[in-house]
Each structure stands twice: as C-alpha cells, then as structure tokens.
1. In the stretch 27-53, what count of residues is obtained for those that are of a type in the set (Asp, Glu) and part of a helix (DSSP H, G or I)?
2. Mind listing just one residue for me: the one in the stretch 1-15 that is surrounded by 10 or more Cβ atoms within 10 Å (Cβ to Cβ) and outside any helix (DSSP H, G or I) and, of those, modelled with the lowest pLDDT?
3. Take the conditions touching a residue at least 12 places away in the same chain (Cβ under 8 Å) and over 27 Å from Glu63 (Cβ atoms) and apply them to Ile17. Does it pass?
4. Only one of (1) at pLDDT 95 or above; (2) of a type outside the set (S, T, N, Q); (3) surrounded by 11 or more Cβ atoms within 10 Å (Cβ to Cβ) fails for Arg70. Which number is that?
5. Against the conditions (1) under 18 Å from Ser8 (Cα atoms); (2) in contact (Cβ under 8 Å) with a residue 40 or more places away in the chain, where does Val64 fall short? Just the number, please.
Amino acid sequence: MRVGDLSSGASKLANAIKQLNLKWESAAEGWYDVRAKAFHKDHIEPLTPRIKETLDALGRLAEVLDRAIRDVSDSDGG
C-alpha cells in the first residue's frame, strides 16, 4: 500500500456494508417481529447512506492526496 492510498480501506468498507446487508437478509428470514423491524430501522438502515457519504468523501480525498503527491514529486525535481 502506498502513501495516501485510500482505495483499499474504501473497498473494505464497501464490502463490509454489502456483507452486512446479506447477513441481515439472512437473519430477517427467521426474525421478523416488531423488534426486528425496529432494529433494522434504527441500526441497519442509517448505515447505507452514511457509508455512501463516507465513500464519496474518501473518493474526493483520494483525488486531493493524489494531486498533492504529484505536486510534491514534481517539486522534488522528479
């Protein structure tokens, strides 16, 4: 992993939410009472938009870091 590489962490986060959703779907097949609905609403649903926002922010930050790394390497005479 190179300095400023955010893509591997972002990939892990994207995979984690995908796995969470798959596991939730599996759990929901046997757990479908009022508490399950409340748990989903309170804990699972809020994660998807927050993680999407985080991944978007990481993408923008990665672009800034890439530019900064290029600028620094250019100024070193490389």
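The values are calculated or read from the model by the stated rules, or taken from the named source; none is laboratory data. These numbers come from a predicted model, not from an experiment. Quick reminder, even Gly has a Cβ in these numbers, built from the backbone with ideal geometry, and neighbours come from all protein chains shown.
1. First, pick out the residues of the stretch 27-53 that are of a type in the set (Asp, Glu): 29, 33, 42, 45, 53.
Adding the requirement that they be part of a helix (DSSP H, G or I) leaves 42, 53.
Selection size over the stretch 27-53: 2.
2. Only one residue tops the list, namely Gly4.
3. On the way: touching a residue at least 12 places away in the same chain (Cβ under 8 Å): yes; over 27 Å from Glu63 (Cβ atoms): no.
For Ile17, the condition - touching a residue at least 12 places away in the same chain (Cβ under 8 Å) and over 27 Å from Glu63 (Cβ atoms) - is not met.
4. If we test Arg70 against (1) at pLDDT 95 or above; (2) of a type outside the set (S, T, N, Q); (3) surrounded by 11 or more Cβ atoms within 10 Å (Cβ to Cβ), just (1) comes out false.
5. Every condition holds for Val64 apart from (2).
For every residue, the table says whether it meets (1) at pLDDT 95 or above; (2) more than 19 Å from the chain's Cα centre (by Cα); (3) loosely packed, with under 11 Cβ neighbours inside 10 Å.
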position: Ile17; (1), (2), (3): yes, no, no
position: Leu20; (1), (2), (3): yes, no, no
position: Trp24; (1), (2), (3): yes, no, no
position: Trp31; (1), (2), (3): no, yes, no
position: Ala36; (1), (2), (3): yes, yes, no
position: Lys41; (1), (2), (3): yes, yes, yes
position: Ile51; (1), (2), (3): yes, no, no
position: Thr54; (1), (2), (3): yes, no, no
position: Ala57; (1), (2), (3): yes, no, no
